[in-house]
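Worksheet for the structure shown next.
The values are calculated or read from the model by the stated rules, or taken from the named source; none is laboratory data. Keep in mind the model is a prediction, meaning the values are calculated, not measured. Using ideal geometry, Cβ is built from the backbone for each residue, glycine included, and neighbour counts are taken over all protein chains shown. To get the accessible areas, we keep the full protein, side chains included, count just its heavy atoms, and leave off ligands, DNA and RNA. Shrake-Rupley method; radii C 1.70, N 1.55, O 1.52, S 1.80 Å.
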Amino acid sequence: RWASSIDDYKKNLRFEGEVLKKRCAKVMFISTTSFSPTYEHAFDHEAVERNQAAKEVMTELGIKYCDVYELSKSLVRPDNLHFDEASSVKLALRIKQCELLEFQ
């Protein structure tokens, strides 16, 4: 379960995003991955809600947003939480693709 409300999450993201924009030349937010249906400690609809809130805040701040959620839904998780090596490589390649598209 998430420790903060959506409103608190957005407030915290705004603060962190503003700080990073002042300190870093390039900033990109990477979405949360999906949760396995059998994972007991969080629900996938919560990840969707958090990602939507993050995308909204990042858009407001002019920070690039990289969605790995959709890709992650189809990837292998041997323990229902962590991705296997091949899946981790696919996620890393997606993030690199976002970086190349956004920071050329």
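So how many residues does segment 41-57 have that are small (G, A, S) and not in a helix (DSSP H, G or I)? If you could, list the steps in order and put the result at the bottom.
Residues of segment 41-57 that are small (G, A, S), as a first pass: 42, 47, 53-54.
Going one step further and asking which of them are not in a helix (DSSP H, G or I), we end up with 42.
So the answer is 1.
Of (1) surrounded by 12 or more Cβ atoms within 10 Å (Cβ to Cβ); (2) closer than 30 Å to E18 by Cα; (3) among the polar types (S, T, N, Q), Q104 satisfies all except one. Which?
Q104 satisfies all of (1) surrounded by 12 or more Cβ atoms within 10 Å (Cβ to Cβ); (2) closer than 30 Å to E18 by Cα; (3) among the polar types (S, T, N, Q) except (1).
Would you pick out the residues in segment 58-87 that are charged (D, E, K, R), outside any loop (DSSP other than H, G, I, E, B), open to solvent by less than 80 Å² (accessible area, probe 1.4 Å) and within 16 Å of S34 (Cα to Cα)? Talk me through it step by step, then tell me what you get.
Start the filter on segment 58-87 by keeping residues that are charged (D, E, K, R), which leaves 60, 64, 67, 70, 73, 77, 79, 84-85.
Filter once more, keeping what is outside any loop (DSSP other than H, G, I, E, B): 60, 64, 70, 85.
Next, only the ones that are open to solvent by less than 80 Å² (accessible area, probe 1.4 Å) stay: 64.
Scanning segment 58-87 gives no hits.
Looking for whichever is under 21 Å from L101 (Cβ atoms), in contact (Cβ under 8 Å) with a residue 60 or more places away in the chain and open to solvent by 70 Å² or more (accessible area, probe 1.4 Å) here; the options are K90, K26, K21, K55. Which one fits?
Working: K90 fails: in contact (Cβ under 8 Å) with a residue 60 or more places away in the chain; K21 fails: in contact (Cβ under 8 Å) with a residue 60 or more places away in the chain; K55 fails: in contact (Cβ under 8 Å) with a residue 60 or more places away in the chain.
Testing whether each residue is under 21 Å from L101 (Cβ atoms), in contact (Cβ under 8 Å) with a residue 60 or more places away in the chain and open to solvent by 70 Å² or more (accessible area, probe 1.4 Å) leaves just K26.
Looking only at residues that are without any contact (Cβ under 8 Å) to a residue 24 or more places away in the chain and either part of a helix (DSSP H, G or I) or acidic (D, E) (or both) in segment 3-18, which one is surrounded by the fewest Cβ atoms within 10 Å (Cβ to Cβ)? Before the answer, list the steps.
The first filter runs over segment 3-18 and keeps only residues without any contact (Cβ under 8 Å) to a residue 24 or more places away in the chain, leaving 3-5, 7-8, 11-12, 15-16.
Cutting the leftovers down to either part of a helix (DSSP H, G or I) or acidic (D, E) (or both) gives us 7-8, 11-12, 15-16.
Working: D7: 9, D8: 11, K11: 13, N12: 12, F15: 11, E16: 15.
The residue in question is D7.
Quick check on T59: is it modelled with pLDDT under 90 and of a type outside the set (G, A, S)?
On the way: modelled with pLDDT under 90: no; of a type outside the set (G, A, S): yes.
For T59, the condition - modelled with pLDDT under 90 and of a type outside the set (G, A, S) - is not met.
How many residues does segment 5-45 contain that are small (G, A, S), over 15 Å from the mean Cα position of the chain (by Cα) and within 30 Å of Q104 (Cα to Cα)?
Residues meeting the conditions: 1.
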